[in-house]
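**Q** One structure, pasted below without further comment.
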Amino acid sequence: MNIFKSLTPRATAIVAVVLVLALPGLGQAGQAPPPIPAPPSASLPPSISLGEARVIIDGALAYARQRGTLMAVAVVDQAGNVVSSDRMDGASFANTQYAEAKAFASVISRQTTQTLSELAKDRPDRYFGIINMYPGKVYLVGGGVPLIVNGQLVGAVGVAGLAQYEDEAAGRQGIAAGERFRANRR
């Protein structure tokens, strides 16, 4: 039912003017909407920059080069989105996906993927619950390490392609490089 059909032309015009004046932005044709103020920096979530992610990756790749091995490495932000990733020449293409899945699993659980892998024998219900909750997104094998800055989670690093327990060691070497980078920026 159209309520304007029952109004006189004068009443319709009055309703239209009232609506134009009452609704913000309707009567301001051609004008840009007012800017949305930026939230105070204290309320912004902690983050990791692309530059810092690249330093972490370079540090982890240095670990593999020192040992003459090949690997892939990924850094994700606190939401699990890839900030940057890299695969060494000759490393398996699958290692990139494994590294990203390890980093994702580490950031969502806030613990290493080595710790998560132990759930398979101690808490299989939880282990398979995580896998089923994030199908194709998590890889619960050692090599994912959370990135903590000033007590706050900012992301995670994932490494794949090295021998058992070396993936995590490479990730930790990358994190150490990232910590030095962050300290020198102050």
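**Q** Please list 3J(HN,Hα) in residue order for segment 83-89, calculated via the Karplus relation 6.51 cos²θ - 1.76 cosθ + 1.60 where θ = phi - 60°; whole Hz, with x for glycine and proline.
**A** Whole-Hz 3J(HN,Hα) from phi for segment 83-89: 8, 6, 8, 8, 10, 5, 4.
**Q** Run the quick spin-label model on residue 69 and residue 120: label points 7 Å from Cα toward the beta carbon, then report their separation in nm to one decimal.
**A** Placing both labels 7 Å beyond Cα along the Cβ direction yields 1.7 nm.
**Q** Arrange the following residues from fewest to most other Cβ atoms within 10 Å of their Cβ: 122, 89, 77, 167.
**A** Details: 122 8, 89 5, 77 21, 167 32.
The most exposed by this proxy come first: 89, 122, 77, 167.
**Q** Same structure again: In nm, give the distance between the simple-model label positions of residue 62 and residue 92, each being 7 Å from the Cα along the Cα-to-Cβ direction.
**A** 2.8
**Q** Rule-of-thumb check for segment 42-186: C-alpha Rg over 2.2 N^0.38 Å?
**A** Working: Rg = 14.3 Å, N = 145, 2.2 N^0.38 = 14.6 Å.
With N residues counted in segment 42-186, Rg over 2.2 N^0.38 Å equals 0.98.
**Q** Grab the Cα-Cα distance for residue 81 and residue 111, subtract it from 0.36 nm times how many residues apart they are, and report the gain in nm with one decimal. Spell out each step's value before the answer.
**A** Details: separation 30, 0.36 × 30 = 10.80 nm, distance 1.68 nm.
Once the chain is fully extended between residue 81 and residue 111, it gains 9.1 nm.
**Q** Also: Got a sec to turn the phi values of segment 90-103 into Karplus ³J(HN,Hα) couplings, 6.51 cos²θ - 1.76 cosθ + 1.60 with θ = phi - 60°, whole Hz, x for Gly and Pro?
**A** x, 6, 4, 4, 5, 4, 4, 5, 4, 5, 5, 5, 5, 5
**Q** Further question: Between residue 132 and residue 176, what is 0.36 nm times their sequence separation minus the Cα-Cα distance? Round to one decimal in nm.
**A** Details: separation 44, 0.36 × 44 = 15.84 nm, distance 3.26 nm.
That pair, residue 132 and residue 176, stretches by 12.6 nm at full extension.
Since every read-out is calculated from the coordinates, none of them should be taken as a lab result. On a predicted model such as this, the values are computed, not experimentally measured, just so you know. Don't worry about glycine lacking a Cβ; one is built from the backbone with ideal geometry, like all the others, and counts go over all protein chains shown.
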